[in-house]
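Colleague: The structure is given below, and queries will be raised subsequently.
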Amino acid sequence: MQLKELTIDGKKYAGFEGEIAPGTNLVFIKGAKGFFMCGYLNIETAERFGNIAAIVSGIKSIDDMLNSNIAKVSSKALEAGITAGMTVKEALKLI
């Protein structure tokens with residue numbers, strides 16, 4: 001498991017990636033206002049806590065996540081301008 005500091009367009013983000021069971025990876029990127037998570041985690045919980053959050057599925061690494069399209073978003077993410085179909089790299093500017 002690895003914690004990584006990411007710098008994208010001059011902004012810093014915290015990333016996490018790691019195998020939590022054979023063949024199962026957990027991937028997460030956190031910004032100042034919200035976060036992006038792999039499909040292993042739950043958008044309903046993020047919704048219940050009022051988080052700006054989005055899910056990306058079918059990924060195994062932070063690099064995969066950055067270049068993938070968002071599958072689901074919380075209502076707070078929608079309010080922030082993040083929509084399903086955006087790439088994470090594009091949406092990072094909004095958190």
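Bear in mind these aren't lab numbers, they're just calculated from the coordinates by the rules spelled out. As the structure is a computational prediction, the values presented were derived from the model and not from experiment. A quick note on method: Cβ atoms are made from the backbone with ideal geometry, for glycine too, and the neighbour counts reach across all protein chains shown.
Colleague: Can you tell me which residue within the range 1-31, out of those that are touching a strand residue (DSSP E or B) at 6+ places or on another chain (Cβ under 8 Å) and outside any strand (DSSP E or B), is farthest from A84 (Cα to Cα)? Write out each step before concluding.
Modeller: Quick first cut of the range 1-31, residues touching a strand residue (DSSP E or B) at 6+ places or on another chain (Cβ under 8 Å) only: 1-7, 12-20, 25-31.
Checking the rest, the ones that are also outside any strand (DSSP E or B) come to 1, 31.
On the way: M1: 28, G31: 18 Å.
Per the criteria, the residue is M1.
Colleague: Filter the range 1-31 down to the residues that are over 15 Å from I59 (Cβ atoms) and among the basic types (K, R), then identify the one that is surrounded by the fewest Cβ atoms within 10 Å (Cβ to Cβ).
Modeller: Of everything passing the filter in the range 1-31, K12 is surrounded by the fewest Cβ atoms within 10 Å (Cβ to Cβ).
Colleague: Counting residues that are crowded, with 17+ Cβ neighbours inside 10 Å and within 10 Å of the chain's Cα centre (by Cα), which helices (runs of 4 or more DSSP H) fully inside the range 39-85 reach at least 2?
Modeller: Values: elements: 43-48, 62-66, 75-79.
The helices (runs of 4 or more DSSP H) meeting that bar are 62-66.
Colleague: Please identify the pairs in which a residue from the range 67-80 that is in contact (Cβ under 8 Å) with a residue 12 or more places away in the chain and over 13 Å from I95 (Cβ atoms) has its Cβ atom under 9 Å from the Cβ atom of a residue that is surrounded by fewer than 17 Cβ atoms within 10 Å (Cβ to Cβ) and of a type in the set (A, V, I, L, M), counting only partners at least 6 apart or on another chain.
Modeller: Close Cβ pairs (under 9 Å, with a partner that is surrounded by fewer than 17 Cβ atoms within 10 Å (Cβ to Cβ) and of a type in the set (A, V, I, L, M)) amount to N69/A84; A71/A84; K72/A84.
Colleague: Among the candidates I95, I55, I8, which residue alone is β-branched (V, I, T) and without any contact (Cβ under 8 Å) to a residue 40 or more places away in the chain?
Modeller: Values: I95 fails: without any contact (Cβ under 8 Å) to a residue 40 or more places away in the chain; I8 fails: without any contact (Cβ under 8 Å) to a residue 40 or more places away in the chain.
Matching residue, one of I95, I55, I8: I55.
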